[in-house]
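The structure appears right after this line, and notes come after that.
The values are calculated or read from the model by the stated rules, or taken from the named source; none is laboratory data. These numbers were taken from a predicted model, which means no experiment stands behind them. Cβ atoms come from the backbone with ideal geometry, glycine included; neighbour counts cover every protein chain shown.
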Amino acid sequence: MNFALPTPSDSERDRLARLFGQIASDAGMPVMEVYQSEFETRTKADYSPVSDADERAEEVILARLALDLPGVPVLAEEKASREGVGDRIWDTFILVDPVDGTKEFIQRKGDFTVNIALICGGRPVAGAVFAPARREMYIGGATAELLEGFAPGDTMAPGRKLVTRAYPSDGLTAITSASHLDDRTKAFLAERNIAGQTAIGSSLKFCWVAAGKADVYPRWGPTMEWDTAAGHAVLEGAGGSVIRPDGSPLVYGKGAEGFRNGPFIAWGREPV
C-alpha cells in the first residue's frame, strides 16, 4: 500500500521534530539502564550485535508512535531484523533506529544515539537524534536545535539554534565513521582541501556538521535508511545537504533495495 499524507508545513515539521525528541528522551531511559548494567550482547542474522537496550527502546518508541501518530507506517530496525523488510514502499513513513552505534554502546564509548525520523516523498522532513550518554538532543525540521545537558526522561524545552558554518578559508574539517573508513572515502578526502579530520560513531556525524564542528561527512561504507534519516533531517534543518556522489539527493523509501543506502556525502554548505 502506498500510504501518503500531505507534506507537513514548516511549523508542523518543527512540532514533529520536538515530538520525536520527547519520544527519544523516554526511550533513552531503558537504553541507559542497560548501558550502566553488566549487559550481554547477541548476534543477529546479519551478524551485527544487539542488546536488550535496542529491543527495550524500540518497544517504547513503537508504543508512543502508535499513540501519537496512529496509522503512519513505521520501519524499525529490530522489528525489521526479526520480520524482514520485504518490498514495502510508502510515500509517508517513520524510520526508527533505537540504538545507532551499537559497537560504541558495547565498548562504552558513549557515542550512540536514538534516531527517529519522518519521511515524506523520499525526504526526511523531521527527525530527532538523542545521544543519552552525552546528554545531547538534536532535533531538525524546518529548523534545527541542540539541547545540551539533556538527560533521558527530560521534557523538551527550547534549545540552541543550529546553523552550519561557512567553510574555513584554510580548509575543511572532515568527519568520518569511527568503524567504517574505507579506501573510497579516503580517496574522496585526498581529492579535497582537508585541513583536519575527526571520527565519531553513530548519526552524531551529521549532527556535528549541523553544529559547525565539521564541514563534510563522506560515506561509502554500508548504511541503512534508519541509520541516516534522523541525522539527515537535523543537518538539512541547519542548512546542510546530503547528496550521492553524482550530485543527486539521497532519498528514502528504497524498498526494492532493502532500504539500504548507497554512498553519500553530507555537506554543511554547498558541495566543493
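Residue-wise test of (1) outside the structural domain of ALA151 (by TED's automatic domain parsing); (2) farther than 25 Å from LEU19 by Cβ; (3) at pLDDT 95 or above; (4) crowded, with 18+ Cβ neighbours inside 10 Å.
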position	(1), (2), (3), (4)
ILE89	no, no, no, no
GLU104	no, yes, no, yes
ARG108	no, yes, no, no
VAL114	no, no, yes, yes
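Screening SER203 with (1) among the polar types (S, T, N, Q); (2) surrounded by fewer than 24 Cβ atoms within 10 Å (Cβ to Cβ); (3) closer than 24 Å to GLY171 by Cα gives one miss only, at (2). Scanning the stretch 87-104 for any residue that is under 11 Å from the mean Cα position of the chain (by Cα) and part of a loop (DSSP other than H, G, I, E, B) turns up at least one such residue.
One residue alone among GLY153, GLY141, GLY171 is closer than 25 Å to LYS103 by Cα and in contact (Cβ under 8 Å) with a residue 24 or more places away in the chain, and that residue is GLY153.
The set of residues in the stretch 134-161 being more than 17 Å from GLY231 (Cβ to Cβ) and either in contact with a Cys (Cβ under 8 Å, 6 or more places away or on another chain) or not in a strand (DSSP E or B) (or both) consists of ARG135, GLY149, ALA151, PRO152, GLY153, ASP154, THR155, MET156, ALA157, PRO158.
Taken over the stretch 230-251, the criterion of being closer than 21 Å to TRP90 by Cβ and touching a residue at least 24 places away in the same chain (Cβ under 8 Å) is satisfied by ALA230, GLY231, HIS232, ALA233, GLU236, VAL242, PRO249, VAL251.
Please give the number of the condition ASP68 fails out of (1) crowded, with 16+ Cβ neighbours inside 10 Å; (2) in contact with a Leu (Cβ under 9 Å, 6 or more places away or on another chain); (3) free of Cβ contacts under 8 Å to residues at least 60 places away in the same chain. Exception for ASP68: condition (1).
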